[in-house]
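> This is the structure I want to talk about, given as C-alpha cells.
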C-alpha cells in the first residue's frame, strides 16, 4: 500500500499518540493490512483494518494469517460507538470521497480520550487567493439545490483540499468542528522524498511503481491523492511523474476530549 514513511512513521505516531498497551486500534484505509499486522505482532494491540477494496482485503488476509481485515468504507463504519482507543488514517483521508463524514465516523467509534492519527499530503504554502476561491466555490456549490436525477450522487465540494492536497489550516478547522483537539502536528516531508526515491530506485519511475502496486482495474486516484498535481506529467512521456516541490507530508495526532459531546 502507498504509505510514505512506512513503519518508521507509524511507530513515531504510536509514540506521539501515547497509545496504551492492549489498546483496540482501527486502521482505516488499511490496504493489505501491513500496519494492522504491525499493531498486532509488535505492539500487541487488538487491531482491526478496513478498506473499500475487496481485492486488497483478500490479499491482506492471505499474507497475514488470522488478521482482522474487513471490507468497509470510511464514511460508513459498522462498529459500535466508543469502541476504539485509537484510529489511524495513513495517507487515506485525502482519497476518501466524503472526508467530513469519514472524520465524524472516526470520532463516533473513538472512546472519549481516544486518539485520531492522520498522515497525508498537504500544501506547504498555499496561495491565499486560491484558498479563498476554493472556499467560495465550495460554499456556492454546497448551497445549490438538489435536482431530480441526482439521487445517488455523493460527490461534495471540498472545503479542505486544493488540487489534491490538504490545506492544513482548513483541515484542522474541520476536525476541530467535528469535536477533536490537536495534540501534535509535524512536517514529515522527508518521508515523501524518501518514498519517491525508493519507488524510483525499485521500479525505474513513479509511474511504474504505481502500476505495480495498484490492483488492475482500480482507479489510481483512490491510491494517491496527488493525482491532481501529477496527472499532466503522467500523461506526457517526456515529462516523468514526480511530486511537486510545494507538496508536503504531515503527521497529525488529535484527541477526542473528555468534554466531547457524544454522538
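> Of the numbered conditions (1) closer than 26 Å to residue 257 by Cα; (2) modelled with pLDDT of 90 or more; (3) out of contact with any strand residue (DSSP E or B) (no Cβ under 8 Å at 6 or more places or on another chain); (4) surrounded by fewer than 18 Cβ atoms within 10 Å (Cβ to Cβ), residue 113 fails exactly one; give the number of that condition.
For residue 113, the failing item is (3).
> Of the conditions (1) out of contact with any helix residue (DSSP H, G or I) (no Cβ under 9 Å at 6 or more places or on another chain); (2) assigned to a helix (DSSP H, G or I); (3) surrounded by 17 or more Cβ atoms within 10 Å (Cβ to Cβ), residue 102 clears all except one; give me its number.
(1)
> Which of the numbered conditions does residue 43 fail, given that it passes all the others? Conditions: (1) free of Cβ contacts under 8 Å to residues at least 60 places away in the same chain; (2) buried (at least 21 other Cβ atoms within 10 Å of the Cβ); (3) farther than 19 Å from residue 188 by Cβ.
(2)
> Would you check if there is a residue in segment 68-75 being assigned to a strand (DSSP E or B), modelled with pLDDT under 95 and either in contact with a strand residue (DSSP E or B) (Cβ under 8 Å, 6 or more places away or on another chain) or within 20 Å of residue 20 (Cβ to Cβ) (or both)?
no
> Continuing with this model, one more query. Restricting attention to segment 78-96, and to residues there that are part of a loop (DSSP other than H, G, I, E, B), in contact with a helix residue (DSSP H, G or I) (Cβ under 9 Å, 6 or more places away or on another chain) and at pLDDT below 95, which single residue is farthest from residue 252 (Cα to Cα)?
Going through the qualifying residues, I end up with 96.
> So which residues in segment 49-67 are free of Cβ contacts under 8 Å to residues at least 24 places away in the same chain and either outside any helix (DSSP H, G or I) or closer than 15 Å to residue 89 by Cβ (or both), if there are any at all?
If the condition is that a residue be free of Cβ contacts under 8 Å to residues at least 24 places away in the same chain and either outside any helix (DSSP H, G or I) or closer than 15 Å to residue 89 by Cβ (or both), then 49, 51, 65, 66 are the ones that fit.
> Only residues in segment 92-110 that are on the phi > 0 side of the Ramachandran plot and touching a residue at least 12 places away in the same chain (Cβ under 8 Å) count as the first member; pair them with residues that are assigned to a loop (DSSP other than H, G, I, E, B) and surrounded by 22 or more Cβ atoms within 10 Å (Cβ to Cβ), Cβ under 7 angstrom, at least 6 apart or cross-chain, and list the lot.
From residues that are on the phi > 0 side of the Ramachandran plot and touching a residue at least 12 places away in the same chain (Cβ under 8 Å), there are no pairs.
> I've got another one for you. Between a residue in segment 12-39 that is at positive phi and touching a residue at least 40 places away in the same chain (Cβ under 8 Å) and any residue that is surrounded by fewer than 21 Cβ atoms within 10 Å (Cβ to Cβ) and assigned to a loop (DSSP other than H, G, I, E, B), which pairs come within a Cβ distance under 6 Å, given they are 6 or more apart or on different chains?
Once the first residue is at positive phi and touching a residue at least 40 places away in the same chain (Cβ under 8 Å) and sits in segment 12-39, no partner that is surrounded by fewer than 21 Cβ atoms within 10 Å (Cβ to Cβ) and assigned to a loop (DSSP other than H, G, I, E, B) comes close enough.
> Among 14, 19, 28, which is closer than 21 Å to residue 96 by Cα and buried (at least 18 other Cβ atoms within 10 Å of the Cβ)?
28
> Considering only residues that are closer than 14 Å to residue 28 by Cα and in contact with a helix residue (DSSP H, G or I) (Cβ under 6 Å, 6 or more places away or on another chain), which ones fall in segment 38-77?
47, 49, 51, 69, 71, 74, 75, 77
The values are calculated or read from the model by the stated rules, or taken from the named source; none is laboratory data. From a predicted model like this one, the values you see are computed outputs, not experimental measurements. Neighbour counts are summed over all protein chains in view; Cβ atoms, including those assigned to glycine, are modelled from backbone coordinates with ideal geometry.
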